[in-house]
Amino acid sequence: MSECTHNCSTCSANCPSAGQQAPEGCTHDCSTCSANCPSAAQQAPEGCTHDCSTCSANCGSRQMDLSDFRKPLNPLSKVKKVIGVVSGKGGVGKSLVTSLLAVEMGRLGYTTAILDADITGPSIPKAFGLNGIRADGDELGIYPVPSKFGTQIMSVNLLLPDETDPVVWRGPVIAGQVEQFWSEVIWKDVDFMFIDMPPGTGDVPLTVFQSIPIDGIVIVTSPQQLVSMVVTKAIKMAQLMNVPILGVVENMSYLQCPDCGKRLSVFGESGLDKVADKLGVKVLGKLPIDPALARNVDDGQIELYEGDYMGDIVAAVEALL
Ligand code: ADP
């Protein structure tokens, strides 16, 4: 951003320095302050030379060099843009937002794919009605399963002998499976790949961030979460890993009365706008609780959903191309 004034309060750009904005009253001396703010994480420890390659300290200012960890794509694959969909905890609608993003981008004419990295809670195949279908493979690689409208999908549930079998694996094995989805699956001419990440900031999201070149992440949250803490954690992790943040989506934000059209805040007001403003990230959209949406997912027909709540989210993703 050549014209940056470094005054984030007058600017809505979702640039990397926006997330570093110090809170009001900040003296920029973290040694005299205990606030766990985004700029604190960037504070270098005493004696820091800012050359992370010569230092093993796991401090907030460490910027990871991810190039050593990148895994190659299958030689037959082509993927233009990769978007990670993350959340602080499970059940907030991360898989749903991942699915809707693929559906909407497909409707715009792009070739889409979903890599289901939520290995222990895979819900993508069900939303697309792929229950009981198994992925094929040969000496060239593993083939993703196409949905009815052409989204290429890979999920552990498409490989298990029985989809009700639990995945009882330790973290490194799960992470290895995700890497295999990236490196061994043959992704054909994909414009946008969406990765349904496991919730939280643990082993597997870390591996995904390290091994797959992610162009941007969408953070999904819901009003009943401790929004400030959860969103801040996700943002800090993305910053640490040098992954651009496209913005935050609030799911189950409200319920619209089918009779009078009034919006009811079932879980109370979330305060997301304030938090996002403070952290310098965009709120890309707010999705209602919509029984039709739940029904479409349960019936395996997410591709037939007609609601129109994804406009700004889709625009932020499309702008990456
Ligand atoms: P996560 O991936 O964060 O664990 P899911 O996307 O699997 O969450 O959503 C959990 C459940 O809630 C699913 O059954 C989904 O269909 C339902 N759901 C999510 N968002 C909505 C919504 N806005 N309206 C209705 N049902 C929803």
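General remarks:
- Test: Glu250 is out of contact with any Asp or Glu (no Cβ under 7 Å at 6 or more places or on another chain), within 15 Å of the ligand (Cβ to nearest atom) and of a type outside the set (Gly, Ala, Ser): yes
- For beta carbons closer than 7 Å, sequence separation of 6+ or different chains, a first residue in the stretch 106-131 that is more than 21 Å from Ile214 (Cβ to Cβ) and touching a residue at least 40 places away in the same chain (Cβ under 8 Å) and a second that is within 14 Å of the ligand (Cβ to nearest atom) and not in a helix (DSSP H, G or I), the qualifying pairs are Lys126/Gly300; Ala127/Gly300; Phe128/Gly300; Gly129/Gly300; Gly129/Gln301; Asn131/Gly300.
- Scanning the stretch 267-297 for residues that are part of a loop (DSSP other than H, G, I, E, B) and either free of Cβ contacts under 8 Å to residues at least 12 places away in the same chain or more than 10 Å from the ligand (Cβ to nearest atom) (or both) yields Phe267, Gly268, Glu269, Ser270, Gly271, Gly280, Val281, Lys282.
- Those residues of the stretch 266-286 which are closer than 21 Å to Asp312 by Cα, of a type outside the set (Lys, Arg) and in contact with a Leu (Cβ under 8 Å, 6 or more places away or on another chain), in sequence order: Val283, Leu284
Okay, residues lined up against (1) modelled with pLDDT of 95 or more; (2) in contact with a helix residue (DSSP H, G or I) (Cβ under 9 Å, 6 or more places away or on another chain):
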position: Ile119; (1), (2): no, yes
position: Asn131; (1), (2): no, yes
position: Met154; (1), (2): yes, yes
position: Glu163; (1), (2): no, yes
position: Pro166; (1), (2): no, no
position: Val173; (1), (2): no, no
position: Phe181; (1), (2): yes, yes
position: Asp196; (1), (2): yes, yes
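- Failed condition for Gly300, given (1) over 14 Å from the mean Cα position of the chain (by Cα); (2) part of a loop (DSSP other than H, G, I, E, B); (3) more than 15 Å from the ligand (Cβ to nearest atom); (4) not polar (S, T, N, Q): (3)
The values are calculated or read from the model by the stated rules, or taken from the named source; none is laboratory data. This one's a predicted model, so the numbers in the text were calculated from it and none came from an experiment. Every residue, glycine among them, receives a Cβ derived from its backbone with ideal geometry; neighbour counts consider all protein chains shown.
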